[in-house]
Structure formats: structure tokens, C-alpha cells
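Everything on this sheet refers to the single structure shown next.
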Amino acid sequence: MMHRLAKVFEELAAQDRKAFVTFITAGDPDTATSLEILKGLPGAGADVIELGMPFSDPMADGPAIQRASLRALHAGQDMHKTLAMVRAFRETNKTTPIVLMGYYNPIYVYPVDRFLADAVEAGVDGLIVVDAPPEADDELCIPALNAGLNFIRLTTPTTDDHRLGAVLANTSGFVYYVSITGVTGTRAPDLEAVARNVARIKARTTLPVAVGFGVRTPEQAKAIASVADGVVVGSALVDTIAQSLDDKGRATELTVSSVLTLVEKLSAGLKAA
Amino acid sequence: MNPAETPLHLNSYRTGPDDRGHFGLYGGRFVAETLMPLILELEAAYEAAKADPSFHAELADLNAHYAGRPSPLYFAERLTQHLGGAKVYFKREELNHTGSHKVNNCLGQILLAKRMGKKRIIAETGAGQHGVATATVAARFGLPCVIYMGATDIERQKPNVFRMRLLGAEVRPVISGTGTLKDAMNEALRDWVSNVEDTFYIIGTVAGPHPYPAMVRDFQAVIGKETREQMLAAEGRLPDTLVAAIGGGSNAMGIFHPFLDDPSVKMFGVEAAGKGLDVPNGHCASLNGGTPGVLHGNRTYLLQDGDGQILEGHSISAGLDYPGIGPEHSWLRDTGRVTYVAATDREALDAFQLCTRIEGIIPALEPSHALAYVTKLAPTLPPDNLLVMNMSGRGDKDIFAVAAHLGMDI
């Protein structure tokens with residue numbers, strides 16, 4: 001069976017289109033609302049879904065995603081509920097790839113082997129684990145690949161040519177190019193630098209390259225899409241969730257609709273490319 | 001030589017970490033890709049510095065003439081009489097410039113920053129001792145400095161906040177989480193990810209991604225090396241017992257490491273038991289009440305829940321309330337080479353007052369935990385047992401917190 005990620009990128013490439021990758025945090029602001037958003041994402045234009053596994057100490061994330069993690073944890077989200085959300089999503093959607101994104105510790109504690117088995121069973125397609133560098137491939141990346149999951153690696157402006165080989169070695173699904181040195185959602189990417197770096201990566205791999213960190217508007221999405229195979233939007237969606245909540249931090253009737261409306265706008269912007 | 005006569009090499013406790021930065025299961029380099037090239041560059045720079053006599057000479061000169069080393073090894077005669085057991089010595093790290101052992105490490109790291117051509121210094125701090133030491137060396141070397149400190153800690157460590165600002169550092173309050181040391185470390189890592197090109201992150205304890213745990217240990221090992229020489233001079237033999245407080249574990253690692261291969265030397269690391277080891281999330285004893293996990297770039301014992309979410313913990317001492325611990329300590333725990341115990345807030349406060357009254361030394365709340373264990377341990381040991389406690393910091397910064405706990409106004 002072809003991996004869902006490979007299939008989506010291949011189909012989009014055949015139509016000369018770019019992938020729209022959306023990020024939300026699982027369980028933000030609560031499990032039920034989060035599942036409703038998750039189920040609505042493909043219809044609103046998401047080609048690939050990154051689902052954040054909330055963590056108490058998200059060192060590489062900016063304030064928006066930190067707060068999303070905390071909202072989810074306060075609402076009682078845990079890894080079992082996150083996997084259950086994927087399982088529920090798969091009941092009605094067999095095609096949209098889901099990539100779990102987060103930090104190593106909750107996986108390590110789960111522990112790794114059982115997590116990988118449960119993730120595959122739930123219908124997860126790939127993993128992005130921010131603090132599991134190639135130097136630690138033997139303990140998470142290789143077992144994940146053996147379990148049938150894609151392992152998507154982040155590359156950054158600081159990843160030099162020498163290091164790029166090591167970073168790409170066990171990467172699969174797609175390559176995630178982090179367009180800024182910094183945490184999520186804090187600055188806008190420099191398009192020229194992005195184009196240069198995406199070209200540098202593509203010269204070394206046949207995998208699609210998606211670009212994220214700092215993309216907030218349909219115009220930015222369109223610009224990035226002109227130089228990459230996919231565009232990732234996270235903090236802007238998470239901010240929209242935050243703005244829709246009541247003064248006690250609970251979901252309102254606007255929560256699901258405002259996020260999906262933004263996804264539609266971003267998707268339209270990107271697909272007008 | 002007959003092969004049967006070839007002397008067997010003792011297994012050494014001092015050879016870690018391996019080339020991937022592991023102490024057994026622990027340690028490693030679990031950081032975001034943005035930081036990896038920098039971490040590798042730092043490792044190479046540190047290896048080069050270690051092999052360069054001029055680096056050691058400059059550090060030794062600063063230690064002697066700026067920090068005030070060697071720190072004395074003091075026989076605490078009145079405390080010894082009071083406890084009625086082991087002969088108690090204090091290694092007087094609180095007499096160092098800036099008032100704690102933290103300056104040993106900061107001087108080493110700022111020299112490294114200078115060698116690497118870095119233009120800006122950042123650090124995290126809990127009690128403020130590491131922040132003050134970092135702000136001090138940044139002032140000494142003329143580099144701008146940003147210190148991340150939890151908002152809660154800023155409130156309970158005001159004198160140190162003021163000192164940092166006087167020294168020209170910018171103290172950035174961290175309000176995420178509960179505003180303590182762990183959150184300050186997250187924020188410092190975020191700063192570093194955002195400013196990798198020109199910034200040097202001076203980590204204050206023997207934790208974080210490799211090479212920090214080994215590097216900070218090496219800079220702090222001056223404590224144990226001096227203790228060794230000083231005890232040989234004073235008593236003609238090695239100490240029998242070493243006791244040190246553990247937050248992240250840098251002062252303890254500094255005094256323990258040079259003695260790890262001396263089997264006659266028993267070692268005790270004292271964690272913060274806060275309100276009690278049996279109180280859920282009421283202590284900061286990662287080794288006594290935590291489980292292995294991955295945080296802040298290394299695998300080590302952590303205070304965490306069953307889902308791998310990090311707990312905050314509690315200690316009266318802002319310098320000890322860190323939910324992790326240096327990975328080498330985790331390894332020493334598992335191998336059994338060092339015994340890790342704990343002292344409560346109450347016990348530390350009692351020891352604080354005892355030391356102040358009968359030795360005329362006001363200890364910081366951190367070594368007060370070590371002292372609390374000494375008051376239990378020393379009476380059980382014979383009078384010829386030579387016990388050294390690392391007096392890792394002075395208590396001026398803690399007088400407001402102590403006064404509040406004792407119900408006094410100042």
C-alpha cells in the first residue's frame with residue numbers, strides 16, 4: 001500500500017498544485033471541539049494535517065502554540081486521547097494524511113514501541129518530533145520507519161550542506177523546511193532565502209519540501225507555494241481558536257467555524273497560485 | 001610481563017560521557033535542529049579549549065585573582081562538637097566572588113564564548129545565583145547579557161534581581177508555566193533558537209544537551225580538586241564522606257567528580273524534599289521521586305506524570321526547584337556510586353538557623369539542605385570520619401524568604 005503522504009503529494013504534483021498543511025493542537029481547547037475541527041479540515045482545504053501532541057514544555061514553540069498546549073492539557077488531553085482522535089477521524093476519512101507533531105518525552109514515557117504500534121493502529125501516517133535529531137535516530141526514527149510510519153525531519157536555515165545529508169538520510173514523507181531561525185509564529189519568512197534553501201534541499205532529495213513557521217496570510221501562503229511543494233500554517237490557526245474562546249477559555253459556537261473559515265481563505269489563496 | 005600479572009584497570013566512574021554525550025542511558029543531545037549545528041560547534045570549541053594550555057592559564061588566573069580561589073576548607077569545630085560524630089568540614093564556595101560556586105562555571109564559559117567570537121550572553125536562573133554570576137562575567141568581559149528568570153522567582157529573590165540589573169544585565173521575567181526555573185530554561189532555549197548566530201547560552205548546571213553536562217562539571221571540578229589537596233594537607237588523607245545539595249547538581253558534581261574513583265569516599269547528594277517526598281508534586285527530588293525522561297536536551301530523571309508531562313515540584317529554595325537533574329547524577333544513582341537522599345523545607349530552615357548561630361556562617365537555602373542531612377548523618381559516624389559538606393552559597397539572598405517563613409518582619 002502506498003503511504004498516504006506520498007500519494008497526496010504525487011496527486012497534487014500531477015495537478016501542478018501545492019500541498020496545504022494545517023497544524024492544530026490535539027485537545028485545544030477541548031477534545032470534542034478539537035475533533036470537530038480536525039474532521040472539518042479536509043473539507044476546508046487541508047491536504048495534510050499536522051496534529052500537535054500537547055507537551056508541558058514546548059521549547060521550540062512560540063507563545064501561541066505554547067498556550068494551545070496548555071489549554072489542551074488543562075482540558076485533560078493526553079496521548080491516549082490524541083490517538084483516539086485520530087481513530088475517530090479515520091472512521092470517516094481514509095485519505096487525508098495525519099502527522100503527529102511534538103516532543104520526545106511523552107512518546108518516550110508511553111513507551112516508544114507501544115506508541116508506534118498504537119499510532120499505526122489509529123491511522124497515523126507520520127511523526128515530527130522536534131527534539132529527536134538524527135543523532136538519536138536509533139531510538140525513535142528507525143523504529144518508527146520499521147513500524148511503517150513516515151518520519152518527517154525539520155531542516156532549518158542553520159542546517160549547513162554538510163549536515164543536510166545526515167538530516168535527510170532517514171527522512172521520509174516530506175521534508176519540513178523551517179523558514180526562520182526562531183520559534184513558531186514569531187516572524188515572517190524572507191521569501192528569497194526560502195527559495196534558495198528549498199532549492200538547496202531539493203538538489204539533495206526527491207522528497208517534497210513543505211515550508212512552515214511564520215506563514216499567516218493567504219498572500220504569504222501563495223508566495224511560499226510558488227517556491228515549495230507545500231505550505232504549513234499553524235500559529236495563525238491556533239491564534240484563531242484562542243480568539244474565539246469565552247472569558248473562561250471555553251469553546252464557543254464560533255470556535256470551529258472561525259478556524260475552518262480561515263483554512264478556506266488560506267487554501268483559496270494558495271490554490272490560486 | 002606474564003599476562004596474568006598485568007594489572008587490571010579499575011572500572012572508572014570518571015570517563016563519561018561517551019562521544020555521543022551519554023552517561024549510560026542518560027545525557028545525549030535532544031534539541032531542535034536549529035540548535036544542533038551550534039551544539040556541535042560548541043563541542044568542538046570546548047574540545048579545542050581543553051587542549052589549549054592558554055585557556056587553562058587564563059581561567060586559573062581569573063579563578064585566583066577575580067573569583068578568589070582556592071576557597072578555604074574550614075573545620076567547623078563548633079558544629080562538630082554539637083553533632084557529636086564525624087569531623088565536619090565546610091568547603092567554602094560561598095566565599096567566592098558573587099557568593100556561590102556558580103562563578104567557577106561562568107568564568108569558564110565566558111572564556112569559551114570569547115574564543116568563539118560570540119557577541120551576546122544569555123542565561124536562565126532560579127535563585128539568581130547563576131544569573132548574578134553570569135551578569136558578573138558578562139560585565140567583566142563587556143558583553144550584553146539577558147537573564148531569563150521566572151516571575152515567581154523574581155518575586156522571592158529580589159536582592160539578586162537588583163544585583164543583576166546593577167551589573168547591567170537585562171532580567172526578563174518568564175510568566176509561562178508557574179514562572180520558575182524550568183520555564184526560565186525553556187525561554188532561554190527559545191531565545192537561543194532565535195539568535196543562534198551571535199549568542200552564547202551559559203547554562204548554569206550540569207544538565208542540558210551534551211557537551212554542557214560534561215563542560216559544567218569540568219569547570220566545577222575545581223571544587224573537588226582543591227578539597228582533595230586541602231584535606232591531604234590538613235589531615236594527611238582523603239575525606240571519608242562528601243555531602244552536597246542537588247538541584248541540577250553542579251556543586252555536587254564539582255565536589256564529587258574528582259573522588260569518584262576513590263572507593264573509600266562515600267558520597268551523598270541531598271535533594272529538596274520540599275513538603276515531603278510523599279506529597280504529590282510537593283518536592284523537587286527527581287532521583288528519589290521521579291522517572292527517566294527527556295527534557296531540555298538530555299535524558300535524565302524527571303518529575304513527570306504518567307503522560308510524560310513535566311511537573312513543577314516545590315522547594316523553599318528557588319535554586320533547587322528544578323524538575324530534572326544532571327544526567328551524570330542519574331547514572332551515578334543507577335550505578336549506586338552516589339547515595340541520593342532528601343531534606344525537607346523545614347529541615348533546611350532548621351539547619352540554616354543552626355549554622356548561623358553556632359558557626360557564624362549564613363548559608364544559602366540550597367546548602368542548608370545538605371547541612372540538614374549532615375546533622376542526621378554526622379552523629380552516626382565515628383569521630384575520625386572526615387566529612388566535607390559543600391557550602392555552595394551564602395544566604396544573604398535568602399534572608400527575606402527565611403524571615404517570611406519564621407514570621408519575622410524585615
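The values are calculated or read from the model by the stated rules, or taken from the named source; none is laboratory data. Just so it is clear, the structure is predicted and the values come from calculations on it, not from any experiment. Don't worry about glycine lacking a Cβ; one is built from the backbone with ideal geometry, like all the others, and counts go over all protein chains shown. Ligands, DNA and RNA are excluded from the accessible area calculation, which covers all protein heavy atoms including side chains. Shrake-Rupley method; radii C 1.70, N 1.55, O 1.52, S 1.80 Å.
Kindly provide the set of residues from the range A:162-200 that are away from chain B (no Cβ under 14 Å), closer than 26 Å to residue A:149 by Cα and crowded, with 17+ Cβ neighbours inside 10 Å, ordered by number.
Once the filter is applied, which keeps residues that are away from chain B (no Cβ under 14 Å), closer than 26 Å to residue A:149 by Cα and crowded, with 17+ Cβ neighbours inside 10 Å, the range A:162-200 yields A:172, A:173, A:174, A:198.
Look at the range B:333-388 and say how many of its residues are among the hydroxyl-bearing types (Ser, Thr, Tyr) and free of Cβ contacts under 8 Å to residues at least 40 places away in the same chain. Let's see the steps before the verdict.
The initial filter retains those residues of the range B:333-388 that are among the hydroxyl-bearing types (Ser, Thr, Tyr), namely B:335, B:339-340, B:344, B:356, B:368, B:373, B:375, B:380.
If we keep only those that are free of Cβ contacts under 8 Å to residues at least 40 places away in the same chain as well, we get B:356.
Within the range B:333-388, residues that are among the hydroxyl-bearing types (Ser, Thr, Tyr) and free of Cβ contacts under 8 Å to residues at least 40 places away in the same chain number 1.
How many residues are open to solvent by 20 Å² or more (accessible area, probe 1.4 Å) and among the hydroxyl-bearing types (Ser, Thr, Tyr) if we restrict to the range B:288-300?
Number of matching residues: 1.
Mind listing whichever residues of the range B:380-398 are open to solvent by 20 Å² or more (accessible area, probe 1.4 Å), over 17 Å from residue B:354 (Cβ atoms) and charged (D, E, K, R)?
Correct list: B:384, B:396.
This table checks each residue for (1) farther than 19 Å from residue B:385 by Cα; (2) charged (D, E, K, R).
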{"site": "B:197", "(1), (2)": "yes, yes"}
{"site": "B:204", "(1), (2)": "yes, no"}
{"site": "B:207", "(1), (2)": "yes, no"}
{"site": "B:225", "(1), (2)": "yes, yes"}
{"site": "B:254", "(1), (2)": "yes, no"}
{"site": "B:266", "(1), (2)": "no, yes"}
{"site": "B:271", "(1), (2)": "yes, yes"}
{"site": "B:286", "(1), (2)": "yes, no"}
{"site": "B:294", "(1), (2)": "yes, no"}
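Scan the range A:108-117 and give yes if some residue there is at pLDDT 95 or above, buried (at least 17 other Cβ atoms within 10 Å of the Cβ) and within 19 Å of the chain's Cα centre (by Cα), otherwise no. Give the derivation first.
We begin by selecting, within the range A:108-117, every residue at pLDDT 95 or above; these are A:108-117.
Going one step further and asking which of them are buried (at least 17 other Cβ atoms within 10 Å of the Cβ), we end up with A:108-110, A:115-116.
This time we only want the ones that are within 19 Å of the chain's Cα centre (by Cα), so: A:115-116.
Looking through the range A:108-117, at least one residue is at pLDDT 95 or above, buried (at least 17 other Cβ atoms within 10 Å of the Cβ) and within 19 Å of the chain's Cα centre (by Cα).
Answer with yes or no whether residue B:156 is farther than 28 Å from residue B:69 by Cβ, away from chain A (no Cβ under 12 Å) and in contact (Cβ under 8 Å) with a residue 60 or more places away in the chain.
Values: farther than 28 Å from residue B:69 by Cβ: yes; away from chain A (no Cβ under 12 Å): yes; in contact (Cβ under 8 Å) with a residue 60 or more places away in the chain: yes.
It is true that residue B:156 is farther than 28 Å from residue B:69 by Cβ, away from chain A (no Cβ under 12 Å) and in contact (Cβ under 8 Å) with a residue 60 or more places away in the chain.
Do you know which residues across the range A:115-134 are charged (D, E, K, R) and either touching an Asp or Glu at 6+ places or on another chain (Cβ under 6 Å) or without any contact (Cβ under 8 Å) to a residue 60 or more places away in the chain (or both)?
Going through the range A:115-134, the residues charged (D, E, K, R) turn out to be A:118, A:121, A:125, A:131.
Passing the criteria: A:118, A:121.
Tell me the helices (runs of 4 or more DSSP H) entirely within the range B:2-99 that contain at least 1 residues that are open to solvent by 10 Å² or more (accessible area, probe 1.4 Å), touching a Gly at 6+ places or on another chain (Cβ under 8 Å) and more than 13 Å from every other protein chain (Cβ to nearest Cβ). Give the steps one after another, and end with the answer.
Working: elements: B:36-50, B:53-62, B:77-83.
In the range B:2-99, the matching helices (runs of 4 or more DSSP H) lie at B:53-62.
Are any residues in the range A:77-109 away from chain B (no Cβ under 14 Å), free of Cβ contacts under 8 Å to residues at least 60 places away in the same chain and in a loop (DSSP other than H, G, I, E, B), and if so, which ones?
Selection gives A:93, A:94.
Considering only residues that are within 13 Å of chain B (Cβ to nearest Cβ), in contact with a strand residue (DSSP E or B) (Cβ under 8 Å, 6 or more places away or on another chain) and outside any strand (DSSP E or B), which ones fall in the range A:129-152?
Correct list: A:130, A:131, A:132, A:133, A:134, A:135, A:136, A:140, A:141, A:152.
Can you pull out the residues in the range B:271-285 that are surrounded by fewer than 24 Cβ atoms within 10 Å (Cβ to Cβ) and either at negative phi or within 14 Å of chain A (Cβ to nearest Cβ) (or both)?
Restricting attention to the range B:271-285, the residues satisfying the condition of being surrounded by fewer than 24 Cβ atoms within 10 Å (Cβ to Cβ) are B:275-282.
B:275, B:277, B:278, B:279, B:280, B:281, B:282 - these are the residues of the range B:271-285 that are surrounded by fewer than 24 Cβ atoms within 10 Å (Cβ to Cβ) and either at negative phi or within 14 Å of chain A (Cβ to nearest Cβ) (or both).
Under 6 Å between Cβ atoms, at least 6 apart or on separate chains: pull out the pairs that start in the range B:242-270 with a residue that is on the phi > 0 side of the Ramachandran plot and part of a loop (DSSP other than H, G, I, E, B) and end on any residue that is buried (at least 24 other Cβ atoms within 10 Å of the Cβ) and not hydrophobic (A, V, I, L, M, F, W, C).
B:249/B:326; B:249/B:329
Do we have any residue at all in the range B:359-367 that's at positive phi and among the small types (Gly, Ala, Ser)? Explain how you work it out, then say what you get.
Residues of the range B:359-367 that are at positive phi, as a first pass: B:360.
From what's left, among the small types (Gly, Ala, Ser): B:360.
Yes: the range B:359-367 contains one or more residues that are at positive phi and among the small types (Gly, Ala, Ser).
For residue A:155, all conditions in the list (1) open to solvent by 10 Å² or more (accessible area, probe 1.4 Å); (2) within 10 Å of another protein chain (Cβ to nearest Cβ); (3) among the β-branched types (Val, Ile, Thr) hold save one; what is the number of the exception?
Among (1) open to solvent by 10 Å² or more (accessible area, probe 1.4 Å); (2) within 10 Å of another protein chain (Cβ to nearest Cβ); (3) among the β-branched types (Val, Ile, Thr), the lone unmet condition for residue A:155 is (1).
Between a first residue in the range B:286-310 that is more than 11 Å from chain A (Cβ to nearest Cβ) and a second residue that is acidic (Asp, Glu) and assigned to a strand (DSSP E or B), which pairs have beta carbons less than 6 Å apart while being 6 or more apart in sequence or on different chains?
From residues that are more than 11 Å from chain A (Cβ to nearest Cβ), the pairs are B:288/B:271.
Give the range A:129-152 a look and list any residue that's more than 18 Å from residue B:298 (Cα to Cα) and either crowded, with 21+ Cβ neighbours inside 10 Å or modelled with pLDDT under 95 (or both), or say none. Explain how you work it out, then say what you get.
Initial filter on the range A:129-152 (more than 18 Å from residue B:298 (Cα to Cα)): A:142-152.
Within the range A:129-152, A:144, A:149, A:150, A:151, A:152 meet the criteria.
Quick check on the range A:110-128: of everything there that is aliphatic (A, V, I, L, M) and either under 22 Å from residue B:303 (Cβ atoms) or part of a helix (DSSP H, G or I) (or both), which residue is nearest to the other protein chains (Cβ to nearest Cβ)? I'd like the intermediate steps shown before the answer.
Let us first name the residues in the range A:110-128 that are aliphatic (A, V, I, L, M), namely A:112, A:116-117, A:119-120, A:122, A:124, A:127-128.
Checking which are either under 22 Å from residue B:303 (Cβ atoms) or part of a helix (DSSP H, G or I) (or both) leaves us with A:112, A:116-117, A:119-120, A:122.
Values: A:112: 11, A:116: 15, A:117: 17, A:119: 15, A:120: 19, A:122: 16 Å.
The selected residue is A:112.
Here is a yes/no grid of residues against (1) over 18 Å from residue B:225 (Cβ atoms); (2) in contact with a Ser or Thr (Cβ under 8 Å, 6 or more places away or on another chain); (3) without any contact (Cβ under 8 Å) to a residue 40 or more places away in the chain:
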| position | (1), (2), (3) |
| --- | --- |
| B:85 | yes, yes, no |
| B:93 | no, yes, no |
| B:97 | yes, yes, yes |
| B:114 | yes, no, yes |
